[in-house]
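One structure is given below, encoded as structure tokens.
Readers should treat all values here as calculations from the given coordinates under stated rules, not as data from a laboratory. All values reported here derive from a predicted model rather than from experimental measurement. We place every Cβ from the backbone using ideal geometry, glycine too, and count neighbours over all the protein chains shown.
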Amino acid sequence: MQRTISFTLNGKPARVTTDDQRTLLWVLRGDIGVTSVKFGCGAALCGACTVIVDQEAVRSCSTPVKDVAGKRVLTIEGLSQERQLHPIQDAFLKHHAFQCGFCTPGMILNAYALLLKTPRPARADIIRHMDDNLCRCGSHVRIVEAIQEAAGAMKGGAR
Amino acid sequence: MNPENLTRREVLSLAGSGLFVIFPAQPPRPGYPADFNAYLRIGADGRVTCLVGKVELGQGSKTALAQLLAEELDVALDSVDMVMGDTDVCPWDGGTYGSLSIRQFGPVLRGAAAEARAVLLELAAEQLGAPVGRLQVKAGAVTDPSAAGKRVTYAQLVQGKRIERHLEKTPVKAVATYTVVGQSPRRKDALEKVTGRARYAGDMAVPGTLHARILRPPAHGATLKDIDTTAAEKVPGARVVKDGDLIAVLHERRDLADQALGLIKAQFVRPQPTVDDKTIFGHLRKAAPEGRVVDQSGDIVQGAQAAEALVERTYRNSYVAHATLETHSATAVIEGGKATVWAGTQTPFPVQQQVAQALGFTPRNVRIVTPYVGGGFGGKSASRQAIEAARLAKLTGKPVQVVFDRAEEFFFDTFRPAAVVTILSGLTGAGKISVWDYKVYCAGDREAKQFYDIPHQRTTSAGGWSGASTPGLHPFAIGPWRAPSVNTNTFARESHIDILANKAGVDPVEFRLGHLSDKRVRRVLEAAAKQFGWKPAPTPSRRGVGVACAIYMGTYVATVAEVAVDKSTGRVQVKRVVCAQDQGVTVNPDGSRQQIEGSITMGLGYALTEEVHFKDGEVLDRNFDTYQIPRFSWLPKIETVLIDNPETPASGCGEPPIVTMGAVVANAIFDAVGARMFQLPMTPARILEALKRG
């Protein structure tokens, strides 16, 4: 159904008029121009399109845009504030927890969702939470280390 | 100003002042322009721009090449800007593959930078009134230590001047004096990648771009019989284009193009039944071209006679996909008779030729720009999406983007070929290998030759890893996959060596060392064993530990792994992997470690789960549900040992450490449960079968 959907994107109001069954992924990339949200599989199998909706990690490729009406959507652009990197970004940067970088925004946002709920995760918590985000370059070991370090740096106080 | 938007001519004219160094490829390689292979600019602002035809796939070349340049030129690494893989501004390059960027291109870049520094020193000597020998350079500033305050920067030296030099000799720094090379600075792509600002070919937002979805056959070899596009054309904003074999739906929104594509009614005639993922091995053995002896010494018959026991085994591996997270993507714009294509590719210059041919343009009217590439591993050498985007841009007169969906990515992938290896070997009564007759079918001959001390040996190779070498042999495209040939050859050789060690009743590390006079292999093997804390014992020791060694194009690798095997499910968990690598000079230790860790992790996939399922030309794997790649829960503890070897020039490091992963896991599985695996991947079903076989 064609309608206008309003939501908050990275703290600012956003509004699109479109078929409300369309996926959040292509509305973000195509209608709004947020290209950090990646298309990897189109079936919620890889996590490259992960965004945060009301504090939860969501696969935007499999989320109809109508589901975010009135909600707060966060992409990686909204994570760093005042050009200051978020501690998770800082840790990914310091550990070089990426190679090609294509899965990185989704990885960082999924890690963010973890730390919101579990500020001091055990290694096993990190692995369980991140398991459905795929990385082909094999940066996994560094991603786990980066998330551990970010959790420490945030001292339990995720924002 | 963004240098990516400049043409070469613009760069030249822009640089009314500056130092230009044009230098030849060393050694000159066929296909390269005779005059220069790379292009380096020192701007009047002191920034150094390096233009190279290589691309950044995630492997870190952007940083490592900049380090080489900064080292030889004596400038701060931060002042170096890399422009990579843009056919308008970078000199020709065959492609980014084969771990060649540092090994082959590195010396050229170092030479150029060293020469630029020499020219700048001459200018400085004139300006400071001091002999060159007395001058010192640091961070792009030249000083005369015997005269306080006498100082001039590179930026000042090139101001208002235009200097061109053609290089003949390229004296470079001694490794012992390195200060930038050998360090692990922050990756040049780090900030863009952690902020989401890094752009890939599908992120190029050109106003008015149409997203194209192309009609694909259900199977390789299927032909279109009937088509009805009426419903698709009725989708508001959709446009259907038919041009020979190319039938596409275009829309300003990608997902709406997807929908419209789904409304096309097409009937295809399926090909005759051919092979599937089970019958393929017999087919390859039968249909492979005639073998070629690639290495031979001694006499096989004599070697066999000297043996007390002969051991003959056959090894197999399935087709493996590249499965990069970024699918093949391209955005094409044609304006004023010139096509510009942003493409996720490993081969921008060959793609330039292909696009030119498809459009009927001269190559100079085609520009391929390579932004960040979301993984390659050989899979983005073939780049049909760039050609399709360019053709559709020409047909529609609009900018066109082609981004494969995951099913297209699997369907058109140039898989690592399925392959078969047979080895006939013999052991003497003293436990020495007397004979080795090795035949590889369809993997290729790279590193097929074994490196152990065996008096009578022969290596035969039939068919290669490049699809062009064996047309019609495989049911779909094949091509280079991270360390082509060598994953297969290492799996077979190192598994077989382990079988012989077991027959001899000797610890597998000790057995290898007993057959090794190659010092560099010995050194990595000893280093890996030491780091692991290897305790010698004949296999199967029930500890689940295994070892494998390899040489890959000048780089030496030894890997030790520990696994746990669940005998009831056949599931393997790799618990720990230690990898020692000797790659000569290490340009960037952390970058090398990233490559080793990445190779180990990625290698778990082809070892344990990755195989392409297919039947009669249809690729049955269409997404990551059936095609399982490694994930966090598989992660072993990974330890890397970089051998300090400054006497040897840098060789490649992005591919070598993946080649041992099949054999090291197979050997550890045997050590754990006494079941020998002869086929990759070692799925739970195959492990249960092997356990039953005993």
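Each of the peptides B:445-456, B:494-505 was scored by the mean count of other Cβ atoms within 10 Å over its residues; in descending order, highest first, they stand as B:494-505, B:445-456.
For chain B, the Cα gyration tensor yields ellipsoid semi-axes of 44, 38, 20 Å (square root of five times each eigenvalue, largest first, whole Å).
For the stretch B:400-439, with equal point scatterers placed on the C-alpha atoms only and solvent neglected, what are the log10 I(q)/I(0) values from the Debye formula at q = 0.33 1/Å, to two decimals? Log10 of I(q)/I(0), two decimals: -1.05. Taking 17 Å as the straight-line reach from the Cα of A:Lys71, the lysines in range (excluding those fewer than 8 positions away in the same chain) are A:Lys12. Bridging of B:Lys398 to aspartates and glutamates at a Cα separation below 15 Å is possible for B:Glu252, B:Glu335, B:Glu388, once same-chain residues fewer than 8 apart are set aside. Rounded to the nearest 20 debye, the dipole magnitude of the protein assembly as shown is 780 debye, with +1 charges on Lys and Arg beta carbons, -1 on Asp and Glu beta carbons, and the Cα centre as origin. Only Cα sites of the protein assembly as shown enter the Debye sum here, all with the same form factor; the resulting log10 I(q)/I(0) across q = 0.06, 0.09 1/Å is -0.42, -0.95, listed in q order. Based on Cα contacts under 8 Å between residues 6+ apart, chain B shows a relative contact order of 14 percent.
Shielding by partners for peptide A:101-112, expressed as the average number of C-beta atoms from other protein chains within 10 Å of each residue's C-beta, is 5. Counting only residues at least eight positions apart within a chain, or on another chain, the lysines with an alpha carbon under 17 Å from that of B:Lys567 are B:Lys575, B:Lys692. Taking a ≥ b ≥ c as the square roots of the eigenvalues of the Cα gyration tensor, chain A is classed as prolate, since a/c reaches at least 1.5 and a/b is larger than b/c. Net charge in the neighbourhood of B:Ala125 (other residues with Cβ under 10 Å of its Cβ; Lys, Arg +1, Asp, Glu -1) is -2.
Ordering A:Ser60, A:Cys49, A:Ile76 by Cα displacement along the dipole of the stretch A:2-76 toward the positive end leaves A:Ile76 in first place; charges were set at the Cβ atoms of Lys, Arg (+1) and Asp, Glu (-1).
Computed across the stretch B:464-543, the Kirkwood hydrodynamic radius from all distinct Cα-Cα pairs reaches 15.2 Å. The shape of the stretch B:218-358 comes out prolate: with a ≥ b ≥ c from the C-alpha gyration tensor, a/c is at least 1.5 and a/b beats b/c. The trypsin sites (Lys or Arg not before Pro) of the stretch B:181-265 that DSSP puts in a loop, and whose beta carbon has at most 11 other beta carbons within 10 Å, are B:Lys234. Across peptide B:587-600, the mean count of Cβ atoms from other chains lying within 10 Å of each residue's own Cβ comes to 3.
Kirkwood radius, the stretch A:87-153, all distinct C-alpha pairs, inverse of mean reciprocal distance: 11.4 Å. For the residues of B:183-194, the average number of beta carbons from a partner chain within 10 Å of their own beta carbon is 5. Each part gets one Cα centre, and for the stretch A:61-85 versus the stretch B:110-152 those centres are 52 Å apart. The relative contact order of the stretch A:2-76, computed from alpha carbon pairs under 8 Å that lie at least 6 residues apart in sequence, is 38 percent. Beta bridges from DSSP with both residues in the protein assembly as shown: antiparallel share about 75 percent, rounded to the nearest 5. Over the stretch A:53-159, Cα pairs under 8 Å with separation of 6+ residues give a relative contact order of 33 percent. The residues packed around B:Leu246, meaning those with a beta-carbon under 9 Å from its beta-carbon, carry a net charge of -1 if Lys and Arg are +1 and Asp and Glu are -1. When the Cα convex hull of the stretch A:2-76 is projected onto planes of every orientation, the mean area is 4.2 nm². As a rough guide to protection, the peptides B:577-589, B:669-681 ranked by mean Cβ packing within 10 Å, highest first, stand as B:577-589, B:669-681. Semi-axes of the equivalent ellipsoid for the stretch B:74-186, computed as √(5λ) from the eigenvalues of its C-alpha gyration tensor and ordered from largest down, come to 29, 17, 14 Å.
Annotation: peptides B:658-664, B:557-563, B:227-233, B:288-294, ranked by per-residue average of other Cβ atoms within 10 Å with the highest first, follow the order B:658-664, B:557-563, B:227-233, B:288-294.
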